[in-house]
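All of the numbers you see were taken from the coordinates with simple rules; none came from a lab. A quick note: this is a predicted structure, and the numbers were derived from the prediction, not measured. FYI the Cβ positions are ideal-geometry reconstructions off the backbone, even for glycines, and counts take in every protein chain you see.
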Amino acid sequence: MDSFLQSMPPDEFRSLMPNTENPCLEGDTINIMCLHMVKELNMEDSVFFWDSCLTQSAAANLYSNTKFTSPVKTAKQMELLNKDAILVAISDSKGSQSSHWMLGVIAFKPKEIVLFDSLNTSLVNRDHEFRTLTYITETAYVAAAKPFKLEEWKHIYAETPQHKAMESTVESMSV
């Protein structure tokens, strides 16, 4: 982690840090950090970063009558099925204020859609996030004019060992 942070110019990194008035990371900050990470790890050929604006457009297409063309155009231009994976920035915010960010990973070879969530939110329904990730996956197939078979894909909610330990402790307390 030190090498990643050290690779950023100090002024650029300082400008990304949350201020005391708004301690939450915003979408632009998440986008810059993820793009920088993909570049620094030399993953640009194998991984595409689907930024928070594209995620909002995909969700709007899925849940409303609004039809943004940017997700399909991006999928076509970037030939997403030729990548190993897509990283997706997802916010569970209600409205324009970001409250909690998660990382979605669409891995094409194992056909897995994984949601990484740093909070222990196993009690929260993440259906909306998985539907959005599935829509993005389907969009990649549509853009490549290939059939998408949902039943071939696994949806995985990634939990850390700490989350599992906390859950087992809570379960043992409730018995």
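Computed packing ranks the peptides 59-72, 104-117 as 104-117, 59-72, most packed first, by mean other Cβ atoms within 10 Å. What the Cβ-Cβ distance of S64 and D92 gives, at R0 = 25 Å and to the nearest 0.05, is a FRET efficiency of 0.90.
When the pairs K67/K149; K39/K146; K109/K154; K39/K109 are compared against a 19 Å limit on Cα-Cα distance, K67/K149; K39/K146; K39/K109 fall above it. Charged neighbours of L35, selected by a Cβ distance under 11 Å, balance to -3 (K, R count +1; D, E count -1).
Near the amide H of I156, within less than 5 Å, lie the amide hydrogens of I113, V114, L115, all on another chain or at least 5 residues away, with H placed in the peptide plane.
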